[in-house]
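The values are calculated or read from the model by the stated rules, or taken from the named source; none is laboratory data. Computed from a prediction, not measured in an experiment: that's the story for all the values here. In this analysis, Cβ positions are derived from the backbone assuming ideal geometry, glycine residues included, and neighbour counts consider all displayed protein chains.
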């Protein structure tokens, strides 16, 4: 493949990537779509009223931009940590961080996601480790 610029139009995004529950991941820039070696980028949509599966992204750093809607992200021991985000917000998700997204309100959440890898994209898990008895939260 010749180095240069490749354009991926919305109708050319690929759904051939692992999914997490009700989330729909569509790859725009990936090893499969553009031959990318170190970057995965795409659009993720979660319908109103839905919650993703608990998951992480292996050793990939993840940057997220919220295009539309409002969501609650959960992470940390027992899923205790949480934050609400809306259109215009940016998030950084550390490699291996187990997390979950929940849509808030009546509209779907649309995210633009970039990951610093082109291999493993998502690992679905049962949830974050619970707090250990007697340890401070």
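Any chance the range 30-42 includes a residue that's within 26 Å of residue 128 (Cβ to Cβ), touching a residue at least 24 places away in the same chain (Cβ under 8 Å), surrounded by fewer than 16 Cβ atoms within 10 Å (Cβ to Cβ) and within 12 Å of the chain's Cα centre (by Cα)?
Looking through the range 30-42, none of the residues is within 26 Å of residue 128 (Cβ to Cβ), touching a residue at least 24 places away in the same chain (Cβ under 8 Å), surrounded by fewer than 16 Cβ atoms within 10 Å (Cβ to Cβ) and within 12 Å of the chain's Cα centre (by Cα).
Just give me the residues in the range 76-100 being under 24 Å from residue 27 (Cβ atoms) and outside any strand (DSSP E or B), in sequence order.
87, 88, 89, 94, 95, 96, 97, 98
Any residue that is in a loop (DSSP other than H, G, I, E, B), on the phi < 0 side of the Ramachandran plot and either at pLDDT 95 or above or surrounded by 14 or more Cβ atoms within 10 Å (Cβ to Cβ) (or both) - is there at least one of those in the range 67-75?
no
Please work out which one of (1) surrounded by 14 or more Cβ atoms within 10 Å (Cβ to Cβ); (2) under 20 Å from residue 121 (Cβ atoms) is the condition residue 104 fails and give its number.
Every condition holds for residue 104 apart from (2).
Of the numbered conditions (1) under 17 Å from residue 123 (Cβ atoms); (2) surrounded by fewer than 18 Cβ atoms within 10 Å (Cβ to Cβ), residue 14 fails exactly one; give the number of that condition.
Only one criterion in (1) under 17 Å from residue 123 (Cβ atoms); (2) surrounded by fewer than 18 Cβ atoms within 10 Å (Cβ to Cβ) is unmet by residue 14, namely (1).
Kindly indicate whether any position in the range 63-76 is farther than 25 Å from residue 104 by Cα and out of contact with any helix residue (DSSP H, G or I) (no Cβ under 8 Å at 6 or more places or on another chain).
No; the residues of the range 63-76 include none that is farther than 25 Å from residue 104 by Cα and out of contact with any helix residue (DSSP H, G or I) (no Cβ under 8 Å at 6 or more places or on another chain).
Being touching a strand residue (DSSP E or B) at 6+ places or on another chain (Cβ under 8 Å) and under 24 Å from residue 129 (Cα atoms) narrows it down to one residue among 77, 87, 83, 27; which is it?
Only one candidate qualifies: 83.
Only one of 112, 64, 98 is surrounded by fewer than 16 Cβ atoms within 10 Å (Cβ to Cβ), within 20 Å of residue 22 (Cα to Cα) and either under 12 Å from the mean Cα position of the chain (by Cα) or modelled with pLDDT under 95 (or both). Can you tell me which?
112
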